[in-house]
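Enquirer: Supplied in structure tokens, the structure appears directly below.
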Amino acid sequence: MLFGDKGFDGIVAKLSGDFCDHRFHGETLYAGAGARLAFLVNDCAEKGLSGFEGLAGIPGTVGGALVSNAGTSLGWIEDSVKSVELLSAAGRVRHAAREKIKFFYRGSSLEGKIVLGAVFHLKKAQKNDILNKISGLIARREETQPIGSWNAGSVFKNPPEDSAGRLIEECGLKGLKFGGAQVSEKHANFIVNNGRALSSDVKSLIATIHQKVKEKFGVGLELEIKIAGH
């Protein structure tokens, strides 16, 4: 998420305590919305349970991963969902079965809802096979993405049958700077903060990228990151 320089006129809730817990029952996993993906990926691997390998290296929590349908070429979180626990505006807890939820590229029908947790169905597999998949995915990330820098991940969604990073790079925008923000030299779909960037710097880069790609390829890139505040 990108928050505005003037802050956010609203409430941000940090889920902790029970919301960060997870537990296994055979091949079934329950995880709270605040549970960290990295911990779940590692724990599933240690128990020889397959299904979360595609989430390796993705920062964030279960709640955000469900809403955005996080994943990679190895699989998406939707592949393992059995049901999602939700809180209604009236304060009632309900469980939505997988078939009642729509998942799509970088999104789901859970947008705008209060996610408390979810139940996932995993599959038994060889621990070494799982660990090898995870290691390979993380190695590719380290090789192709600006891991270790301050960034919010992929800025734009990939257009159908194409790559946002490729389009941005073809426009010659790698390394472009506004204030303390810069289009990554390693992956053009990442904007990195050198420690002094303002939200307005990032927004200026986003606007320039959108304009240049539209002019050169006729493609209107859609934001993957969320913008909050002003």
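Enquirer: Check cross-link reach from K47 to the lysines: straight Cα distance under 16 Å, and skip same-chain residues fewer than eight apart.
Expert: Cross-link targets: K123, K124, K127, K133.
Enquirer: While we're here: Just rank L110, L55, fewest to most, by other beta-carbon atoms within 10 angstrom.
Expert: Working: L110 20, L55 25.
Lowest to highest Cβ neighbour count: L110, L55.
Enquirer: While we're on this one: Applying a 10 Å radius around every beta-carbon, put 65-73, 139-147 in order of their mean neighbour count, most first. Can you show the working numbers first?
Expert: Values: 65-73: 19.7, 139-147: 13.8.
The densest-packed peptide leads the list: 65-73, 139-147.
Enquirer: Next question, about the same structure. Please check the chain for the longest run free of chymotrypsin sites (Phe, Trp or Tyr not before Pro) that are loop-located per DSSP (anything but H, G, I, E, B) and have at most 14 other Cβ atoms within 10 Å. Could you put the intermediate results ahead of the total?
Expert: Details: sites that count: F8, Y105.
Longest stretch, sites excluded: 106-230.
Enquirer: When the Karplus curve 6.51 cos²θ - 1.76 cosθ + 1.60 is applied with θ = phi - 60°, which whole-Hz ³J(HN,Hα) does each residue of region 93-100 get, with x for Gly and Pro?
Expert: Along region 93-100, the couplings run 8, 9, 10, 9, 5, 3, 5, 8 Hz.
Enquirer: Now, a different point. Per the Kirkwood formula on distinct C-alpha pairs, the Rh of region 150-228 is how many angstrom? Don't jump to the answer; show the numbers that get you there.
Expert: Working: mean 1/r = 0.0815 Å⁻¹.
Computed over Cα pairs of region 150-228, the Kirkwood hydrodynamic radius comes out at 12.3 Å.
Enquirer: In degrees between 0 and 90, to the nearest 10, how far off the longest principal axis of the chain does helix 37-46 point, with axes built from Cα atoms?
Expert: 50
Enquirer: Here's a follow-up. Taking only Cα atoms, what is the 0 to 90° angle, nearest 10, from helix 127-144's long axis to the longest principal axis of the chain?
Expert: That helix lies at roughly 10 degrees to the long axis.
Enquirer: Given the Cα atoms of region 169-214, and with Rh set as the inverse mean 1/r over their pairs in the Kirkwood sense, what is Rg to Rh to two decimals? Write down the numbers at each step before the final one.
Expert: Numbers: Rg = 9.6 Å, Rh = 10.3 Å.
Ratio of gyration radius to Kirkwood radius: 0.94.
Enquirer: Can I ask one more? Please list 3J(HN,Hα) in residue order for region 76-86, calculated via the Karplus relation 6.51 cos²θ - 1.76 cosθ + 1.60 where θ = phi - 60°; whole Hz, with x for glycine and proline.
Expert: Along region 76-86, the couplings run 10, 5, 4, 5, 10, 5, 9, 7, 10, 8, 10 Hz.
Enquirer: Follow-up. How about region 1-85: which trypsin sites (Lys or Arg not before Pro) there are in a DSSP loop, with at most 11 other Cβ atoms within 10 Å of their Cβ? Kindly include the intermediate steps, with their values, before the conclusion.
Expert: On the way: sites: K6, K14, R23, R36, K47, K82; in loops: K6, K14, K47.
Qualifying residues, ordered by number: K6, K14.
Enquirer: Among the trypsin sites (Lys or Arg not before Pro) within region 184-230, which fall in a DSSP loop and have no more than 11 other Cβ atoms within 10 Å of their own Cβ?
Expert: Working: sites: K186, R196, K203, K212, K214, K216, K226; in loops: K186, R196, K226.
In loop regions of region 184-230 (DSSP not H, G, I, E or B), the sparsely surrounded trypsin sites (Lys or Arg not before Pro) are R196.
Enquirer: Something else now. Does anyone have the angle between helix 199-217 and the longest principal axis of the chain? Alpha-carbon axes, 0 to 90°, nearest 10?
Expert: It is inclined by approximately 80 degrees.
Enquirer: What residues qualify as long-range amide H neighbours of L116, i.e. H under 5 Å apart, gap of 5 or more or another chain, H built at 1.01 Å from N?
Expert: The list, which skips near neighbours in sequence, is E85, L86, L87.
Enquirer: Percent antiparallel among DSSP beta bridges with both residues in the chain, to the nearest 5? Intermediate results must be reported in sequence, preceding the final value.
Expert: Numbers: 35 of 37 bridges.
Restricted to the chain, the bridges split so that about 95 percent are antiparallel.
Enquirer: In whole Hz, what ³J(HN,Hα) sequence does region 166-178 give by Karplus (6.51, -1.76, 1.60; θ = phi - 60°), x for Gly and Pro?
Expert: 5, 4, 5, 5, 5, 7, x, 9, 4, x, 4, 10, 9
Quick note: the coordinates plus some simple rules give every number you see, no bench work behind them. Keep in mind it's a predicted model, so treat the numbers as computed, not measured. Glycine gets a Cβ as well: all are built from the backbone with ideal geometry, and neighbour counts include every protein chain shown.
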